[in-house]
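Have a look at the structure below, then the notes.
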Amino acid sequence: MKTLRRHSISGVARQRSRHDDRPGISPVDIAEHNSRTTLRLLRRRGALTRQELSRELGLTEPAITGIVRRLALAGLVTERKRSTTAHYTAAEFGLRAEARYSLGVRIGKLNGDVALVDFAGKVVRQEAFATRDDLIAAVADLRRTAGPSKLVGCGVATSPDTFLARQEIETVLAGQSEALFFLDDTEAAIEAERALGIGDPEGGMVMILTDYTVRAGLLIGGRVFRGIHGRAGHIGDMRSGIDGASLNDVATLPSLEAGSADEDSWLATAARHLHEAVLAVSGFIAPGAILLGGALPNNVLDAVVERMSQERDDKIRDLVIAPWIQQIRRATFPWAGVALGAALRPLDAMALPDTRA
C-alpha cells in the first residue's frame, strides 16, 4: 500500500515544523481521526443528526458541530432537515456522493474488473477486462466519467496468481495525479464488508474467497493479519479429510467444472474440506464472523454455505469446541466486494480539511 503524507484539502502537504517537538498525537491528528471516523459512519449508516453522531462516536455535540462544519465547508457533507414525530425538524448530515470518486481494480488469474465508486460508497459504473489493453481503456473511460478534479485515488486488489505483475500494473496506471494503493483481494473484500456489510464484529472476521484458488483474509483487532512473510491466509494447499485432498483440488472453479456431472458430490466434498479449514482457524482464534465469497455461481455459493452449516451441526455432536464456531455466512458482496473494497481504500485515506485553517 502506498504511504501518503497528510494533506490539506487544497492538496498542499502538511508537515510538522522541525522545531515542533510535541510528543504523542497532535491535535491535528486527533481532529483528522474524528473526521475520518465520522465519514466512515455516515458512509455506513447514511444521514445522521448531531445527537445520533454524538451517541455513536462518543463525542460531545459541540465537537460534532465542529467536525460537520469543517466537512461541509470542504464540500464533503451536506445538511438537510429531517421530519420527526414530535412536530419539529432536526438537522441531519449526509455525505455528498458526488463530492469525490475513487477507482477500484480487481485483477485475477484470467481477468478482472474496474469499479468507479462515489463518496457514499456506491458503484457508479463497472467494467470488466481480460487483457492489459482492456484495462487501460476501462480505466481511461471511468476517469473521464469521474473528472480529474474529483478522483482521489485508485485501489488495486490482486490475487496470488494475478495475470499482471505489479510493476506492469504500476506502468499501466501511471501518469495520473491520484494516489495508487495495492492490497490483497481478501483484504479488499474485508474492507468492503467492514464499510458497507456486517461491519467490524467483536472477535474479528475471517473472509474466505474461492475462484481458481482458495485463500482467506483474517481481521483481528481492527487490523488485517498478514503473518511474518505476508502469506497468512494462503490456505489453498491445506490438506484435510480421509482423502487428504487440498482445498485447491476440491473447492475451486476448476474442480467445480470437472465435477459438473455430479454437482451434489462436489458440494459435499467442497463443504467438508472448507469446514475443516474453518475448524482449524476457529479452534485457535474464534472469530466473530466467518464469511464465504468468491467467484462461484450464486446458487453454488449458497449451497456450499448451507452444506458447511450442516457440517458444523454434525460436528457439534462429536467435538467439544464446535458450539463456539460461528455459522459460516455468505459475504455481503461475494465477488463484487473486491473491487468495491479496493476503491474504498483511497476514499478512506483521502486528504481532509486543515483544522488549523
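Give the shape of region 196-239 as rounded, prolate or oblate, defined through the alpha-carbon gyration tensor: a ≥ b ≥ c are the square roots of its eigenvalues, a/c under 1.5 means rounded, and otherwise the shape is prolate if a/b is larger than b/c and oblate if not. It comes out oblate by the Cα gyration axes. Under 14 Å from the 7 Å Cα→Cβ point of residue 166, by amide nitrogen: which residues of region 177-209? Residues 180-185 qualify, since their backbone N sits under 14 Å from the label point.
Sorted on the mean count of surrounding Cβ atoms within 10 Å across their residues, most packed first, peptides 40-53, 200-213 read 200-213, 40-53.
For region 252-275, backbone nitrogen atoms closer than 15 Å to the point 7 Å from residue 242 Cα along Cα-to-C-beta are found at 268-270, 272-273.
With R₀ fixed at 51 Å, the C-beta to C-beta distance from residue 96 to residue 231 puts the FRET efficiency at about 0.80.
The helix-only estimate of mean residue ellipticity at 222 nm for the chain, built from DSSP H runs of length n ≥ 4 each weighted as -39500 (n - 2.57), is -12500 deg cm²/dmol after division by the residue total.
For region 73-139 versus region 172-240, the spacing of their alpha-carbon centroids is 20 Å. Ignoring ligands, DNA and RNA, what percent of the accessible area of the chain is carbon or sulfur (1.4 Å)? Looking at the chain in its full context, I get 51 percent from C and S. Accessible surface area normalised per residue over region 138-285 is 46 Å², counting heavy atoms of protein chains with a 1.4 Å rolling probe. Looking at the chain, the DSSP beta bridges with both ends there are about 60 percent antiparallel.
Here the contact order of region 45-142, divided by its residue count and restricted to Cα pairs under 8 Å and six or more residues apart, works out to 18 percent. Each peptide in 99-111, 252-264 was scored by the mean count of other Cβ atoms within 10 Å over its residues; highest first, the order is 99-111, 252-264. Between residue 300 and residue 88, the simple label model (points 7 Å from Cα in the Cβ direction) yields a spacing of 5.8 nm. Tell me, in nm to one decimal, what length is gained between residue 310 and residue 257 on full extension, where the rule is 0.36 nm per residue of separation less the Cα-Cα distance? Stretched out fully, the residue 310 to residue 257 stretch lengthens by 16.7 nm. I need the calculated FRET efficiency for the pair residue 36 and residue 265, taking r as the beta carbon distance and R₀ as 51 Å, to the nearest 0.05. E between residue 36 and residue 265, to the nearest 0.05, is 0.55. Using Cα positions and a limit of under 19 Å, work out the aspartates and glutamates in reach of residue 150, with same-chain residues fewer than 8 apart set aside. Excluding near neighbours in sequence, the set is 98, 118, 141, 178, 348, 354. If the segment from residue 140 to residue 28 were pulled out straight at 0.36 nm per residue, it would be longer than the present Cα-Cα gap by 36.8 nm. Computed from the Cβ-Cβ distance with R0 of 51 Å, the FRET efficiency linking residue 286 to residue 69 stands at 0.75. Taking a probe of 1.4 angstrom, what is the accessible area of residue 184 in Å², to the nearest 10? For residue 184, the solvent-accessible surface is approximately 70 Å². Computed from the coordinates I sent, log10 I(q)/I(0) by the Debye sum over Cα atoms at q = 0.07, 0.11, 0.12 Å⁻¹ equals one of (1) -0.39, -0.79, -0.88; (2) -0.58, -0.81, -0.93; (3) -0.35, -0.82, -0.95. Tell me the label. So the calculated entry is the one marked (3). Can you bin region 237-306 into rounded, prolate or oblate? Criterion: square roots of the alpha carbon gyration tensor eigenvalues sorted a ≥ b ≥ c, rounded for a/c under 1.5, prolate for a/b above b/c, oblate for the rest. Oblate is the answer for region 237-306, as a/c is 1.5 or above yet b/c matches or exceeds a/b.
The values are calculated or read from the model by the stated rules, or taken from the named source; none is laboratory data. Everything quoted here is computed from the prediction, not taken from an experiment. Virtual Cβ from ideal backbone geometry, glycine too; neighbours counted across all protein chains shown. In case anyone asks, the SASA skips ligands and DNA or RNA and just uses the protein heavy atoms, side chains included. Shrake-Rupley method; radii C 1.70, N 1.55, O 1.52, S 1.80 Å.
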